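Only the coordinates and a few stated rules stand behind these numbers; no lab work does. Computed from a predicted structure; not experimentally measured. Positions of Cβ are backbone-derived with ideal geometry, glycine not excepted, and every protein chain shown enters the neighbour counts.
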Amino acid sequence: MNNLLRGWLNLPPQASTYAQDVDLLHYFVITSTMLGSVFVFLLAVYYVFRYRQRAPRATTPRVKTSAPLEFLIIGGLQTLFLGFWVVGASMYNHMQTPPSDAMPIYVTAKQWMWKFSYPDGRASMDVLTVPVNRPVKLIMTSRDVIHSFYVPAFRMKHDVVPGRYYTAWFQANTPGVYDVECAEYCGVSHSRMLGKVQVLTQDDYTHWLEGHPVPTAEGLIGATATSGGDLAKTGRAVAARRGCFNCHTIDGQPHIGPSWAGLYDSYVKVDGGRVVYADEAYLTRSMMDPQADVVLGYKPVMPTYRGILQEPEVAALVEFIRSIQTQPFPPSVTLPRVEPLGSGQPQEPKP
Amino acid sequence: MTTIDVGILPVPHEEAPRQESYLNIAYTVKSWALTTDHKRIGVMFLFATSFMLALGGAFALLLRIEHLTPGMTIMDAYTYNRMFTMHGIVMVWLFMIPSIPSAFGNFFVPIMIGAKDVAFPRLNLLSFYIYLVGALWVIVALWMGGVDTGWTFYTPYSAHSPSAVVPAVLGIFILGWSTIVTGINLIVTTHTMRAKGVGWFKMPLFVWTTYGVSIIQTLATPVLALSLCVVGLDHWFDWGLFDAARGGDPVLYQHLFWFYSHPAVYIMILPAMGVISEVVCTFSHKNIASYKAIVYSTLGIAFVGFTTWGHHMFVAGMSVFDADIFGITSMLVAIFSAIKVFTWTLTMRKGSIVLRTPLLYFFAFLFLFVFGGMTGVAVATQALDVHWTDTYFVVAHFHFIMVGGTLTAWLAALHYWFPKMTGRMYPERAGYVGATLVFAGFFMTFFPQFLLGNAGMPRRYYYYDPVFQPLHVVSTVGSWILGFAFIWTLGYLIVACFNGPRAGNNPWDSRSYEWYTTSPPPKHNFVEEPHFVLDPYDYTVPAEKMHA
């Protein structure tokens, strides 16, 4: 049934975990709305024949549609539409919220190509390699204009916007090669901004991780990624070069700014009493718009790095901060604690 | 009578004594160029917007020919990108938005409320010249090589696009003034110029829809003007207000743009709905099933339509919470259109239905608009929109609403009011042929595009995967049928303008107020002060009682 309807509707394969759910909703919405259209149309056609003019200039009785009938129609339709919304919105929320164990990959779009950077420091152009049955989180930004990362077989799409770092996620469920398309008009070669997602079995993926070209059976592309060194290591170099360590530590000590150690995947109390979850979005937002969420007890002194940090540098920094989530570096020097804003006694740093 | 009469209506053959009308009181160019008669201005708008329809249609036909093959057919990618942009700009701002309100609204709203003219006749003429100046700037942009940003002018691409962005946005900015001026004029006219006895709930429904549209136009157009101004400044002076590298926000532009452009969809469809309400009552010879349902749903669309813009941006980067809110408001606005559809259908029940060309267009409208509207509910379902947005599915969806809805209603209006505007009848059989061809051509052009979108073909693609070619070929052939249908319709209407049989004052046996006066109407619409005896949808008594 699923395959039959999918064929009729000309839909691509269902290669991600949520693709089939989306399609089931699709079948339901399309079937009910098309039946509704056909019903209205046939009713109108029936009326034309049933109530055709029998005498020229005939008069007609004044018919008042009964209020209960009107409310029945309106109520019934509204229930149906809100039903679409309940299912559609909850599914959408699921599709927009990456699971916490998702594997991050950094996507940089530019006219007219896709660059994928992996946590181990490798990068590839236009071919994204992922393992099957594991959630993958894409952290995406653009270097020039707005693009949109679209994988029809995954039923997944998200705009890629300069200056913003959006996350999108999917979990592929069938090994194979699928099309990546740019779905937001981006200039003369918009329709050539194509890529591939290569979904590998766990064995092939391990093989690929070790730096071997994957076996090219079953139409796989067999591309390798070029190594640029460990991405987290690059991130540490970027942090040093860009002066991040003047204020942030990587050993857990508070300084002018909060420490990066253990920051990722934690809950941070910020000014105004809100609690913010420190994910990639939070980290990138704090670089680009530092005053948006100032951690409680710190002065809002950080300048914006918008337009200063380049996109690959941001990816490397985020990856570096992620890497010290559980393994902070040992303290090298003991730093003086800067007096927190509006709080009482400064705390002695723990040895 | 057991079959439906498909012949032309019986009309008096003897030439009536020469009657003074708005058309024959003067023939000079000056008498047209400096007229303050709302009917002449309406006719000039009709000609100007029809010319723009032809221009935009020519672009569309060329674009479809280009898609006969996956690679290059007749134009390169540069030309293709400029052409789909110009197609969008011309169709949206130069045809769709002014088509019904500025042409038919101008012509019929004052007559339908028994007024001599609009409230501000000279402002009305100014609106027409502002339209011409705006159109001229768009033509200048075209002459400079066109714009390649898409009609949406998304930043930051539009800020750096190597094409004629500035004249195009300037043209649209100026066109906005024309829309606002006409909008204010129609609002004031409706409030202050109603003849004695025409209460708010006795107005013909077309007046209600132009009133609703005028409110949207007046409130939303300034936001468009503002955001396009900034795009122009970004492009020309490199201000960088939407440039992320300098602290600007490209997504903010999208919010501003859709804050106008989603209500603009209702600017395009609401007057069409007004026409349909008139046509269905007249040809069913029956009162509207629920006058209040139509009025309140018109106002509902006009106001709730302002809160749904975010559904264009479900994947553009907004919080899940915001997206859910926009999802639910989009479902609410859909219900108002559904109420109208059911009211029109139920109006035919127990009527005395005469199948004429305008009613055929009503059927085309009913099927295409409901089909398109239902796919609108589908794309408003957030999880589904993720797959469909920015694909051919959305292209097909909004063409079903814009062409299948507004354009068929425009054609219905053209045929329905043709006798009133010209005093002559169009040939009915030729009208049937035209309506059938429009429907068939349209369906063949756009239905395959739903399937293309489902398969994942993004819009604005110059090259496409060869597996999509068969569907593209079907679509292109459909566009030729649609193009032919328009040439056919234009042909017989021009002939009928000069040689059609005289129509008489009320050839459709309607009760709506524009049919009380002569065809074509005199300069001040009514020879004597009008006295509307009946409700505009009262078919319980013969037409003779109209003038009792």
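See the values below:
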{"read-out": "Helical mean residue ellipticity (222 nm; -39500 (n - 2.57) per DSSP H run of 4+; nearest 500) of chain A", "value": "-10500 deg cm²/dmol"}
{"read-out": "DSSP beta bridge pairing in chain A, given as percent antiparallel to the nearest 5", "value": "70 percent"}
{"read-out": "Where only alpha carbons of chain A are counted, the Rg and the Dmax (Å)", "value": "27.5, 103"}
{"read-out": "Within straight-line cross-link reach of residue A:269, lysines at Cα separation under 19 Å, skipping those fewer than 8 residues along the same chain", "value": "A:299"}
{"read-out": "Length-normalised contact order for chain A - Cα pairs under 8 Å, 6+ apart - percent", "value": "14 percent"}
{"read-out": "Under 26 Å from the Cα of residue B:202 - lysines, other chains or at least 8 residues apart", "value": "A:64, B:39, B:116, B:286, B:292, B:340, B:350, B:420, B:523, B:545"}
{"read-out": "Computed lengthening from residue B:188 to residue B:332, 0.36 nm per intervening residue step minus Cα-Cα distance", "value": "48.9 nm"}
{"read-out": "Separation of alpha-carbon centers, the range B:450-476 and the range B:74-132, rounded to whole Å", "value": "31 Å"}
{"read-out": "Residue B:433/residue A:265 FRET efficiency (R0 60 Å; Cβ-Cβ; nearest 0.05)", "value": "0.30"}
{"read-out": "Residue list for the range B:445-470, given a label point 7 angstrom along the Cα-to-Cβ vector of residue A:174 and an amide N cut-off under 18 Å", "value": "B:454-457"}
{"read-out": "Set of lysines near residue A:157 by C-alpha distance (under 17 Å), chain-local residues within fewer than 8 positions excluded", "value": "A:110, A:115, A:137, A:196"}
{"read-out": "Compactness relative to 2.2 N^0.38 Å, alpha carbon Rg of the range A:231-323", "value": "0.99"}
{"read-out": "Distance in nm between pseudo-label sites at residue A:206 and residue B:19 (7 Å out along the Cβ direction from Cα)", "value": "9.2 nm"}
{"read-out": "Scattering curve values for the range B:204-252, log₁₀ I(q)/I(0), Debye with Cα scatterers, q = 0.24, 0.25 Å⁻¹", "value": "-0.83, -0.87"}
{"read-out": "Using a Förster distance of 30 Å, the FRET efficiency for residue B:31-residue B:528 (Cβ separation, nearest 0.05)", "value": "0.75"}
{"read-out": "Antiparallel DSSP beta bridges within the protein assembly as shown, percent to nearest 5", "value": "70 percent"}
{"read-out": "Sum of -39500 (n - 2.57) over DSSP H runs of 4+, divided by residues of chain B (222 nm, nearest 500)", "value": "-21000 deg cm²/dmol"}
{"read-out": "Coarse-grained scattering of chain B at q = 0.08, 0.11 Å⁻¹, given as base-10 log I(q)/I(0) from a Debye sum over alpha-carbon atoms", "value": "-0.51, -0.98"}
{"read-out": "Diffusion coefficient, µm² s⁻¹, Stokes-Einstein with Kirkwood Rh over alpha-carbon pairs of the range B:28-82 at 10 °C and 1.306 mPa s", "value": "115 µm²/s"}
{"read-out": "Relative contact order of the range A:231-323, defined on C-alpha pairs under 8 angstrom at six or more residues apart (%)", "value": "36 percent"}
{"read-out": "Part-to-part distance (alpha-carbon centres) for the range A:79-116 and the range B:304-351, which is given in Å", "value": "23 Å"}
{"read-out": "Residue B:463 versus residue A:32: modelled label distance in nm, points set 7 Å from Cα along the beta carbon direction", "value": "4.2 nm"}
{"read-out": "Relative contact order of chain B, defined on C-alpha pairs under 8 angstrom at six or more residues apart (%)", "value": "18 percent"}
{"read-out": "Volume per residue of the C-alpha convex hull in the range A:12-105, rounded to whole Å³", "value": "153 Å³"}
{"read-out": "Overall dimensions of the protein assembly as shown by Cα: Rg and Dmax, Å", "value": "30.8, 111"}
{"read-out": "DSSP H segments from chain A that extend 24 Å or more along their own axis, Cα-based, with Kyte-Doolittle mean of -0.5 or above", "value": "A:19-50, A:67-96"}
{"read-out": "Kyte-Doolittle at least 0.5, axis length at least 24 Å by Cα - qualifying DSSP helices, chain B", "value": "B:38-66, B:121-143, B:165-192, B:205-237, B:250-284, B:320-347, B:357-380, B:428-455, B:469-499"}
{"read-out": "Debye, to nearest 20: dipole size of the range B:34-547, +1 on Lys, Arg Cβ, -1 on Asp, Glu Cβ", "value": "1500 debye"}
{"read-out": "Euclidean distance of C-alpha centroids, the range B:202-230 and the range B:412-440, integer Å", "value": "28 Å"}
{"read-out": "Mean projection area, nm², convex hull over Cα of the range B:284-355", "value": "5.9 nm²"}
